[in-house]
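A short write-up of the structure that comes next.
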Amino acid sequence: MTTVIKGARPYGEGDPVDVLVEDGVITAIGAVAVPEDAEIVEANGQVLLPGFVDLHTHLREPGREDTETIDSGSAAAALGGYTAVFAMANTDPVADNAVIVDHVWRRGQEVGLVDVHPVGAVTVGLKGEKLAELGTMANSQARVKVFSDDGLCVADPLLMRRALEYSTALDVVIAQHAEEPRLTVGAQAHEGERAARLGYTGWPAAAEESIVARDCLLALHANARLHVCHVSTSGTADVLRWAKDRGTKVSAEVTPHHLLLTDERLATYDPVNKVNPPLRTESDAEKLRAALAEGVIDCVATDHAPHAVQDKDTEWSAARPGMLGLQTALSIVAETMVRTGLLDWRGVARVMSERPAEIGNLADQGRPIEVGEPANLTLVDPDAEWTVRGAELASIAANTPYEGMRLPGVVTATLLRGRLTARDGKVC
Ligand SMILES: NC(=O)N[C@@H](CC(=O)O)C(=O)O
Ligand SMILES: [Zn+2]
Ligand SMILES: [Zn+2]
């Protein structure tokens, strides 16, 4: 199997080069003599990046296949430029044992569009009462590397401490959904002026920041690795900066929607904008962008959260939180980080591929675009624009907050181990 990407600019730098891919590996970069049987991808000077890695995806299989499956979610991922995704454990049944995680891993490999790495639950049934069998999942066929109760916080500090302690022996990472539940009872939107005006119960910034501070201290004392899911406040970025300065092994992600959208959207009353943690203020979004550029926040993760119409298209208080993200992530990063000059394309490779691969402990992802490296690659047309239509996205659900928006940056091809998984907006 041979593919030649003709005239691409790795990391958007330098003159266009040809990239020869044979049997899943990059075998030549430069002016390449095209072998006869080769598949040719005309890049026309587009930006070539390592395939994106999403540390935070909800694929809803098993349990809610009416909203997303490993099949449909893998298609969305490939079209979005992803070559690996981590599928969260809050399925039904919960991915808290080897049977479920192995099913998710195997199904992902059968579909073959993206590596689907299951996230294992930290606690049995996400109940926050007793630890799940982390070791069994880590040593299963799926080789679980990330554990999280995402959707819910591991709120009990003793349980969180134990999980962090166990994680060191297994060389895995605990990813925390930082939300002190006592501070968010009945919460509907960011606690601030806008929620107050509309009469929504607030979700205070301190509910996130207090858990992040607590967990950073627990991780530091346990010498364990902690990953903070969907950072949403500027205060959390300050806590992370402080913790990193002290040598805490903490990493963090920000979602595209927290980089772009704010609680100004509340005024629409449209529950498509309801998400957990909630959309915050303009000042938060601005500081999150700066923290991502600076490296205090390590990476972008989508928190792709498909929901059925009947669970989403209701009055605000009844709607489930969450929004689609896989197919729009690159464009939102292009809009908020590249157009603003905060990141160049090498920086995009860092936050969407290299750092997430390191955090998720994937040896074959987020690799440099060099001879001898695995051909997990994404080609991006930086000058093209597209208009988002939820109904046209590959996900079964259509709950995108970007409906009708014109966005920069189009993924034109994705290669997984040298095989084209998406090309010109179509799954291969
Ligand atoms: N982000 C969300 O609003 N929802 C997620 C859960 C989560 O990430 O907390 C979901 O599973 O729907
Ligand atoms: Zn969460
Ligand atoms: Zn999530």
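The values are calculated or read from the model by the stated rules, or taken from the named source; none is laboratory data. As the structure is a computational prediction, the values presented were derived from the model and not from experiment. Glycine also receives a Cβ, built like all others from the backbone with ideal geometry; neighbour counts cover every protein chain displayed. Note: areas computed on protein heavy atoms with side chains; ligands, DNA, RNA excluded. Shrake-Rupley method; radii C 1.70, N 1.55, O 1.52, S 1.80 Å.
Some points to look at:
- If you filter region 162-181 down to residues that are open to solvent by 10 Å² or more (accessible area, probe 1.4 Å) and more than 16 Å from V124 (Cα to Cα), you find that the one that is nearest to ligand 3 (Cβ to nearest atom) is E179.
- The listed residues are D171, D156, D150, and the only one of them that is within 16 Å of ligand 2 (Cβ to nearest atom) and modelled with pLDDT of 95 or more turns out to be D150.
- Checking each residue in region 288-323 for being within 15 Å of ligand 2 (Cβ to nearest atom), open to solvent by less than 10 Å² (accessible area, probe 1.4 Å), part of a loop (DSSP other than H, G, I, E, B) and at negative phi picks out A301, T302, A305, P306.
- When L59, L79, L55 are screened for being assigned by TED's automatic domain parsing to the domain that holds S148 and open to solvent by 20 Å² or more (accessible area, probe 1.4 Å), only L79 passes.
- Checked against (1) of a type outside the set (A, V, I, L, M); (2) in contact with a Cys (Cβ under 9 Å, 6 or more places away or on another chain); (3) in contact (Cβ under 8 Å) with a residue 60 or more places away in the chain, F86 passes all but a single condition, namely (2).
- Scanning region 208-250 for residues that are open to solvent by less than 10 Å² (accessible area, probe 1.4 Å), away from ligand 3 (no atom under 16 Å from the Cβ) and of a type in the set (G, A, S) yields A219, A224, A237, A243.
- Which numbered condition P278 misses (of (1) within 15 Å of ligand 1 (Cβ to nearest atom); (2) in contact with a Phe, Trp or Tyr (Cβ under 9 Å, 6 or more places away or on another chain); (3) open to solvent by 10 Å² or more (accessible area, probe 1.4 Å)): (3)
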